[in-house]
Each structure stands twice: as C-alpha cells, then as structure tokens.
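Only one structure is covered here, and it is reproduced in the block below.
The values are calculated or read from the model by the stated rules, or taken from the named source; none is laboratory data. Quick caveat, the model's predicted, so the values are computed rather than measured. Positions of Cβ are backbone-derived with ideal geometry, glycine not excepted, and every protein chain shown enters the neighbour counts.
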Amino acid sequence: MQLSRDVLLRAYRQMKVIREFEERLHTEIMTGEIAGFTHLYCGQEAVAVGVCEHLDSVDKIISTHRGHGHCIAKGCDVPTMMKEIWGSSEGTCKGKGGSMHIADLDHGMLGANGIVGGGAPIAVGAAMAAKIDGKGKVSIAFSGDGACNQGTTFEAMNMAVVTKAPCIFVFENNHYSEHTGFDYAVGTNLDIASRAEAFGMKVWRGNGVDFFSVHETMREVLEYVRAGNGPAAVEFDTERFFGHFEGDPQRYRGEGELDRIRDERDCLKIFREKVTQAKLLEGADLDAVDADVMSLIEASVEGARAAPRPTAEDVLTDVYISY
Amino acid sequence: MANMMYREAVLRTIFEEMERDENVVMLGEDIVGGMGTAGGPEAIGGIWSTSTGLFGKFGANRVIDTPISESAIIGAANGLALSGKRPIAELMFADFIGVSLDQIWNQMGKFRYMFGGKSKCPAVVRMAYGAGFNAAPQHSQSVHSLLTSMPGLKVVIPSTPADVVGLLRTAIRDDDPVMFLEHKALYATKGEVPDGDYTIPFGHARLTRAGQDVTIVTCGLMVGFCERVADKLAKEGIGCDVIDLRTTSPLDEEAILDSVEVTGRLIVVDESTPRCSIATDIVALVAEKAYSSLKAPSVMVMPPHTPVPFARELESAYLPSTDKIEAAVRKILAWR
Ligand SMILES: Cc1ncc(C[n+]2csc(CCOP(=O)(O)OP(=O)(O)O)c2C)c(N)n1
Ligand SMILES: [Mg+2]
C-alpha cells in the first residue's frame, strides 16, 4: 500500500528519534552520569515504529527491559523520558522506575518491564478489557526471543487463544538473549512464529529492519485482530546494535558482525534508500528531519541535566493510592 | 590463608565441590555465557563471574546453561535433587524468585514434610541480592525475610569471602534445600580465606565486634556498615556487639539472647523491607525471651515499606546507612 508523504516523514522521524536517543545515551552512560541498567534499542527501530504507527492511544502495548523504542513509538514525551533516565522527579515515573520501567498509561503504554516474560500475560488482560469494551481495540505484547522461552509467555499465548482476546504477540528476534544465541536457547528447529502457531494462532513473519515490511505485515495483522478473530503472533527478524546492557563486552559476537549489521541491516539506511530511490521523499527532506531530531535530543539531555532531583520524602509516596 | 574476592570465593568453592563430588551440578541462565553464538561457550562466562571455567572443566551435563525459564530452572533443580544429584541453581537476580516461587515454596520447601520425611532435596539456590546499583524495583531486592518465613528452606547470607567458602560448602553438602544470598555489592570485596576443607555450620552467628553497651544484629552487606559504626563509636568509649547472623534460618537465638542479656539494648540493621521481616522476628524473639534484660525499646534500622526506588537520591535515602545506624545507637543509649 502506498503511504502518504506525511506518514513516511513521521515514521522516519520516529525511528530517527529512537536512534539518536539511544546513541546519545550510549555516550552519556560512559560519563557515569546516568545510574542503573540501561538496555538500548538501537537497530530495532523499524519494529517499534512499524507496529505503533497503526495504533491509537486507546490501544495498549507492553514492553520489555529494552523499552525506550516502544515508549517513543507509542507517543511518550521524549524530554520527559530523558528526565526519567536521569532520575529526575520530573521524569515519566518521577525517578522511581528509571530506564527499565518507563510507563505512560495515558498513551496506552503499560510499561517497560524488568522481568523477562512479565509483560505477555498483562497484555492478555488488556486485550480481554478491549474485548469487553467491544470497540476494536487491541493490545500488543512486545517480547524478545529470550522471553519466548518463559512459561509466562506460553501461558499468555494459550490463554489469549482460549479467550479469543485481541492480543498480538510481537516477537523481536534479535538473535540474542543476553549473551546466549537464539540457536541454543530456542529449542524448536523452526522459528518463534511456528511455536506461536502451535498454540492455535494465526502468525505472520516480517523483516524487522525494514520499516515497510513491518508496517505492511502489521496492517494485515491488525485488520485480522480488530475484526474479532482472536489473537495473532508476528515474528520480526531484527538486530541489536549495542550490547545487551551498556558495558557488555560482547565477546559472543562474530568477527565483523557489528560492522556488517550496521552496514547491511540498518533500518534507517534501508528506509532512506527505499524512499529516495522511489522518489517518495528527497534526501533533503530526511536531512531536515535529522537536524530537527538532533536538536530535540540535545534539548532533552540539557533539560534532563537541569531537571529537579527527587528528595528523601519522595521515597514514601506512590506506594498506595490511600493507606 | 589466601586472599580473594567474594566472587572468587563463590567460584572456587563451586569448583572444588564439583571436583570432590560428581553429583554436584550447576544450572542457570547465561552461566556459560555465549552458548549458540559465534564467540562460543564461555565467551562471556556468567554475568557475575561466579561460574567462569566450570563448563570447560565439567562439561555440558554438569554445567547446564538454561533458557530464560526460572520456574523450570528451580523445578529442574528439584527433580535433580530428588534423583540423587546435588544441584546448584543460579537465579541471576534474587528478584526472580517471583517467577519461580511455586517451585521454591510449594515444592522444594515442602517435599520432605509432605512425604512424611522420606525424601531429601539437597538443592542450593544461589541468587544475587540487594540494592545500591540504582537497578530499580525489580532488580534490587533483599528477599531473605520472605524466604526465612518459609518452613523447609534454610537461608544463608555470607558477608565475607571466608564465610562464602565455609557456608557455601556446607550448603552444597547439606541434604536440605538452601537459599544462598550473595550481595551484589560484596562480589568485588576481598578477604582472607582459610585453606583446606573449611566449613561453617548453619545456625552459628559470628560476633564480629564486641562491646558492652549495645547489641547490633545484622547480616550480608550491612555487616560491614555496622562494623564501621562500631569502630567509630568504640573510640568514644561506646561498645557495640555486632552479630553477623550468617544464616537467618536456622537462627542463632542463643547468640542474640546472650548478647542482649549483657547489653540490654537491641538494634537490628537489615536491608529487607520492614514488615514481617527478620528484624521484627528478632525484636519479637528478644521481647519474648529477654524482656527483663532490656533497658530501652529495640530499634530497627531498615528501609521503609516501599519498593526499592531507582534515582540515586531516592535509593540512598531508602537504604540503611552508617549515619542511620550511628543515630540509632545514640538514640538507644539516650533513652531515659
Ligand atoms: C525473569 C527474568 N529473568 C532473567 C532476567 C535477566 N535478563 C534481562 S534481559 C535478558 C535477556 C532477554 O532476552 P530477549 O528476550 O531476547 O530480549 P533482548 O534483550 O534481546 O531485547 C535476561 C536474561 C530478567 N530480567 N528477568
Ligand atoms: Mg533477544
């Protein structure tokens, strides 16, 4: 399907924001200013954006420990996210959650999640709620290839099938769970999608470094799920450009692997090539977006640095609503 | 004596026990690190460096790198243990007992009782616990109070490399299930470790500082905090007994009661959440069994009843500190 200029520009911008957000964090983390564990989403941008471009704020998503991309794609405010990562009291979660727990329920973002496999069952519940409401809303569970081995993910898939919940399991296969390869940890000879299929779902597969593949695949998936056919699953083959967490020595990578994936499997390069070759957008259009994004990121970092810090009293708030 | 890091003490003890007894096996996520990758097995070797080299030495049957499946990891440890093996299961973070709790609580902890004393389940579950890394609510918790409340489980919390060796050896050789909690902030700390077949029995606390005025009961990372306070106050002539529990189940009641009978003042310092905790347990013990020795109300230095927050300012406000411990000692001495 031919996408409009507006849609193309917005999608590119979203992917670029995620990319530069993460690239900047990668350098900022080395200075020691940012605390805690940070897992960067660089390389997988086409998945988050290709999926979320189809969603409204009433549709729900739940994310993983590698959550920044999903948050941005679902509409979370970028400067506020940056403040959260810096631990400011003005951050998305007032500095209580940090990188691994960014959530924005107003945008249908039910949270990044520090527990691998924690998200999928929650997505099923959100899908049940959507089914009760009967307005064609859906929920999306983003999971990694590692998370697909967790019992909670299996249970969630089966329960979604049994209850015909409008839940979409999006598996981002970046070939690694921490330092372990997909080939070792996922025992099936086939792929993750086939596993999901065995639970009784209709499944799709797509190229997770090509926005157009993700977007077109998700158009079909959403049409199917919004029509009341129950859950579905999609597997996207994608790449993780950085280590599992910041500080990972990555000795498990093959020789030249990182250069190769940056060269051949970069969703931003692929997007640019496709749209300029097809004369859908000019290089200058994209350059303008790039410049705009760089200043957004710069302003976000400056804002986060200057943002107010939480105080000792803040530890005690937000545990309960009333107590 | 050899000087080594806490994490080396873990690795060396596992290594030696695996050499000594072929029934000892280890399993956990990424403990080999690099399986199924171009870098190959041991490209990384466990995120805490507590399993480096084990795979090369003992092979895939005994050093089992698992998918991300905590429920099945602990379940498999149960099955191994009921089948004559002595598994050491690793939970990368103690917080992940949440995923595997049925296998810990309803299975492992209850087999022997439910089966009328016929079974044994010699499993060790090692886990990295504790805050101080801004790792946020799901990667920072201290779960020993929770685990101590569960009958059938033994709970061990070493505070030094020597205690790691002595207690881990006992844990691996023990026929009951043992929860073995290693504080993340201790992994890089160093200390002397006795040579030879050094073991420490469970249920025997260690008096690390002796004084006449106040009893401070603690465990894990907090032991060092309490020692620093005791050393500082000793210069002012204030004497503190610092009791490192080493194991919270079994609990060395005698060591606590003996000390409180002398000092008449009890402070418990701990990193787990305060409600229904090891601290309330010890305060109750003393109220019950040493009431007449008490000269002042007991004091608990603990985090508040909240999750562990992320931001630096929040986490440090949340955690017990040497300042808070010192203030507690002064407060208990100033009572009346
Ligand atoms: C229950 C649980 N087990 C283990 C971990 C530690 N851990 C964090 S991310 C991760 C790997 C996840 O791999 P995958 O699902 O493929 O996601 P990716 O990191 O590739 O995005 C592991 C083992 C965790 N956070 N939660
Ligand atoms: Mg992965």
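What the table below lists for this structure:
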quantity: Set A:141, A:120: member being within 15 Å of ligand 1 (Cβ to nearest atom), more than 14 Å from chain B (Cβ to nearest Cβ) and not acidic (Asp, Glu); calculated: A:141
quantity: Only listed residue being free of Cβ contacts under 8 Å to residues at least 12 places away in the same chain and within 14 Å of chain B (Cβ to nearest Cβ), chosen from A:98, A:87, A:32, A:111; calculated: A:32
quantity: Selected residue (criterion: nearest to residue A:130 (Cα to Cα)) from residues of region A:235-271 that are touching a Lys or Arg at 6+ places or on another chain (Cβ under 7 Å) and within 16 Å of ligand 2 (Cβ to nearest atom); calculated: A:235
quantity: Failed criterion for residue B:47 (all others in (1) assigned to a loop (DSSP other than H, G, I, E, B); (2) under 13 Å from residue B:172 (Cα atoms) hold); calculated: (2)
quantity: Members of region B:60-78 found to be surrounded by fewer than 24 Cβ atoms within 10 Å (Cβ to Cβ) and part of a loop (DSSP other than H, G, I, E, B), listed by number; calculated: B:60, B:61, B:62, B:67, B:69
quantity: Per-region count, region A:232-247, residues buried (at least 17 other Cβ atoms within 10 Å of the Cβ) and in a loop (DSSP other than H, G, I, E, B); calculated: 9
quantity: Hits in region B:286-311 - residues which are more than 24 Å from the chain's Cα centre (by Cα) and within 14 Å of chain A (Cβ to nearest Cβ); calculated: B:311
quantity: Members of region B:39-88 that are more than 14 Å from chain A (Cβ to nearest Cβ) and either hydroxyl-bearing (Ser, Thr, Tyr) or free of Cβ contacts under 8 Å to residues at least 24 places away in the same chain (or both); calculated: B:50, B:56, B:59, B:79, B:83
quantity: Condition check for residue B:266: in contact with an Asp or Glu (Cβ under 7 Å, 6 or more places away or on another chain), touching a residue at least 24 places away in the same chain (Cβ under 8 Å) and crowded, with 24+ Cβ neighbours inside 10 Å; calculated: no
quantity: Matching residues, region A:23-34, being at pLDDT 95 or above and not in a helix (DSSP H, G or I); calculated: A:34
quantity: Which numbered condition residue A:93 fails, given (1) crowded, with 22+ Cβ neighbours inside 10 Å; (2) away from every other protein chain (no Cβ under 14 Å); calculated: (2)
quantity: Qualifying residue in region A:154-175 (condition: touching a residue at least 60 places away in the same chain (Cβ under 8 Å), of a type in the set (Phe, Trp, Tyr), within 14 Å of another protein chain (Cβ to nearest Cβ) and touching a strand residue (DSSP E or B) at 6+ places or on another chain (Cβ under 9 Å)); calculated: yes
quantity: Filtered residues of region A:144-194 (kept if within 14 Å of ligand 1 (Cβ to nearest atom) and over 19 Å from residue A:62 (Cβ atoms)); calculated: A:175, A:176, A:178, A:179, A:180, A:181, A:182, A:183, A:184, A:185, A:186, A:191
